[in-house]
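Data first, discussion second: the structure below is written as structure tokens.
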Amino acid sequence: MQNQSNAHKKLAGNALSGMVATIIYMVSRILLTPYILHFLSLAEFGLWSLSFIILSYAGMGGFGVNSTYIRYTARYRADGKESEISKLLSTGIAYMLTFSLLFCSLLYLMMPFILQQFHIVPSQQELASTIFFGTAIVFSLELTLGGLAFIINGMHEFAKEKIISTVAGLFEIVFIVLFLALGSGVKGLLYAFALRLIMASTLCWKVARTLLPSLTISWKLISREHFRHFIGFGGKVQVLGIIGIFLTAIDRMFITAISGLASGGMFELGRKFPSTAGSIANSAFGPFLSTAAHLEGSWAGETNNTLGNRIRTYIKIVVMAMLFAILPLFFLPVFQKYFPISPVFPATFIAVLFFALFFFLQREQKSNNYLDSPELKELYLNGIRFTNIISSTLFVFLVFMAHPLINGWVGSKYSEAENIMIFLSIGYAVQQCTGPINMIFRGINRTGKELEYMLVQVVLMVIWIPAGTIAYGLSGAAAAIALSSITSTLFLFWRSGYTFQVKIKEFVLRSLLPALVPLLPGCFFYAVTVFFPVTDRIAIIVQLLLCGVGYSLMTIALFWAIVLNEDEKKQAIGLLPFKKKLQSPV
């Protein structure tokens, strides 16, 4: 029971440390972008963004590995088997080095195809090849040496690891400013990226050795037992990570392939604020995994959910998602000309099939096992509630302040990015609720629910994003992403609600309604910008800062007055630095 109590106590603190580090990263990158655009063209900026889309596929190799580092480091530390941590690290480095070499080799062989597929003009192909392959090498080294950071996390020193990543990131910004000023162009971003890796890896090694002086890296320590940990435990998380990486890159891939590099750059500008705001909430999700693992919980019911049954369920879910995704296409004018008959008849037929499959899955779900754990149910409801409080505060501000934010950040000539920001902010705000849910499912080793959610999202995005881009351009693509995110999140609510035995009324009142609170201050400060418009960029930035401070204070006051209960207020006060100083002995 003591472990469960400690897990609950550390949950908020660990979440806060991740959020603070992410806020620093977000603010620094937003301030840096206008400086970068002063030296780079929109096409070069799109090229740099595209290189990380390609790198995202190398990132597929890290998700299961990272979780394995954290889990087994914590276990060995608790059991007094600290010598095993060196074996774990050495085996993980060898595993990721092999993966990285394969990735870089494959990228080199596929380079001509990549240049052609993304319509890189001949005059930019040499530069593009250098950027793509250079970033791939640096990123591969980061994957290989990244185990040092996760070893630190496994020793429960999240704050130290976040300090290292923050310091290295700030130095990267200094390097970018210097290299661009010296005329290095987009290659300067690559040089700074490499220097950040060197600094972060060196600091992580020093901190890890301070925490665990016996830590060593040697080929002699590579073991088959630890390799099985990476393949076995990390395997399921790896699959989910691959799908997640695909989902984060698919939007820019379709947009760049259909509309070109400049459109990809414009979309990246509109995506910048929502994605960085989303990363703040994402950084708080990790502790939910370990907390759920401590709580464990028991299952009620007698259903034997075999692998064959699960596969059949996945197939039904994919088919249902495809039917739902196809339905709106019949009513888009750009596609109606290809139908030889009225779209009403095939749309009605598909709708009937969809509802029949939906009700079949609903009946099947009622016969499945469910969790008999009040503690996990509380963690589930509180996790979504906490996420909604954070994400709604961030994203409502972005929705109402899209126009002045874009104008003050990069100027009025990028106005198309405003609609992109609005649509993505709405979609991302809803999607953030899936974070704690999926982490809890990982903690209790029920990753199948997360897989169901991801399958739905993949199907919707693969069909809706290209359709939206073709029909309505970048705004259509952003709207398609938002609708895909919202629909798949509602699906996860439906499936997870039964697992945790949560009633709809309880779920809405306790976890969803807090998300509506920031709408009032958002509307108020939107009216301020409408009735008191400014055009000078300095004046816009000043207005944004004043509105941001006022919005934050009003939102916090409303949450404090009508949302937070007494326990939540005490916990919030306990996290304040001055509170800790008052409580410390003199």
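For the range 133-144, a tally of residues being more than 22 Å from the chain's Cα centre (by Cα) and crowded, with 21+ Cβ neighbours inside 10 Å returns 0. For the range 369-386, the count of residues that are crowded, with 17+ Cβ neighbours inside 10 Å, modelled with pLDDT under 90 and not in a helix (DSSP H, G or I) is nonzero. Of all residues in the range 19-34, those being under 21 Å from GLY134 (Cβ atoms) and either in contact with a helix residue (DSSP H, G or I) (Cβ under 6 Å, 6 or more places away or on another chain) or aromatic (Phe, Trp, Tyr) (or both) number 1.
Within the range 503-518, residues that are assigned by TED's automatic domain parsing to the domain that holds SER391 reach partners that are surrounded by fewer than 19 Cβ atoms within 10 Å (Cβ to Cβ) and of a type in the set (Gly, Ala, Ser) with beta carbons closer than 9 Å, at six or more positions or on different chains, in the pairs LYS503/GLY497; ILE504/GLY497; PHE507/GLY497. Residues of the range 473-482 include none that is modelled with pLDDT of 90 or more, under 15 Å from the mean Cα position of the chain (by Cα), farther than 30 Å from VAL534 by Cβ and not in a helix (DSSP H, G or I).
Check whether at least one residue in the range 176-199 is modelled with pLDDT under 90, in a helix (DSSP H, G or I) and either hydrophobic (A, V, I, L, M, F, W, C) or touching a His at 6+ places or on another chain (Cβ under 9 Å) (or both), and report yes or no. Yes - at least one qualifying residue is present in the range 176-199.
Output the residues belonging to the range 530-543 that are assigned to a helix (DSSP H, G or I) and surrounded by 13 or more Cβ atoms within 10 Å (Cβ to Cβ). Steps first, please.
Within the range 530-543, the subset assigned to a helix (DSSP H, G or I) is 530-531, 537-543.
Listed by number, the residues that qualify are ARG537, ALA539, ILE540, ILE541, VAL542, GLN543.
Within the range 403-429, being hydrophobic (A, V, I, L, M, F, W, C) and free of Cβ contacts under 8 Å to residues at least 60 places away in the same chain holds for ILE422, PHE423. Taking the criterion of being among the polar types (S, T, N, Q) and either under 28 Å from GLN432 (Cβ atoms) or at pLDDT 95 or above (or both), the residues of the range 512-549 that qualify are THR529, GLN543.
Test PHE246 against the criterion of being within 15 Å of the chain's Cα centre (by Cα), in contact (Cβ under 8 Å) with a residue 60 or more places away in the chain and surrounded by 20 or more Cβ atoms within 10 Å (Cβ to Cβ), and give yes or no. For PHE246, the condition - within 15 Å of the chain's Cα centre (by Cα), in contact (Cβ under 8 Å) with a residue 60 or more places away in the chain and surrounded by 20 or more Cβ atoms within 10 Å (Cβ to Cβ) - is not met.
Of all residues in the range 535-555, those satisfying the criterion of being hydrophobic (A, V, I, L, M, F, W, C) and free of Cβ contacts under 8 Å to residues at least 40 places away in the same chain are ILE538, ALA539, VAL542, LEU545, LEU546, VAL549, LEU553, MET554.
Among the residues of the range 544-575, which ones are touching a Leu at 6+ places or on another chain (Cβ under 9 Å), part of a helix (DSSP H, G or I) and of a type in the set (A, V, I, L, M, F, W, C)? Those that are touching a Leu at 6+ places or on another chain (Cβ under 9 Å), part of a helix (DSSP H, G or I) and of a type in the set (A, V, I, L, M, F, W, C): LEU544, MET554, LEU558, ALA572.
Only residues that are more than 20 Å from VAL456 (Cβ to Cβ) and surrounded by 19 or more Cβ atoms within 10 Å (Cβ to Cβ) were counted in the range 493-509, giving 0. Restricted to the range 31-88, and to residues there that are more than 30 Å from ALA249 (Cα to Cα) and small (Gly, Ala, Ser), the residue that is modelled with the highest pLDDT is SER86.
The values are calculated or read from the model by the stated rules, or taken from the named source; none is laboratory data. Predicted, not measured: the structure shown is a model, and the values here were computed from it. Here Cβ is always computed from backbone atoms with ideal geometry, including for glycine, and neighbour counts include all displayed protein chains.
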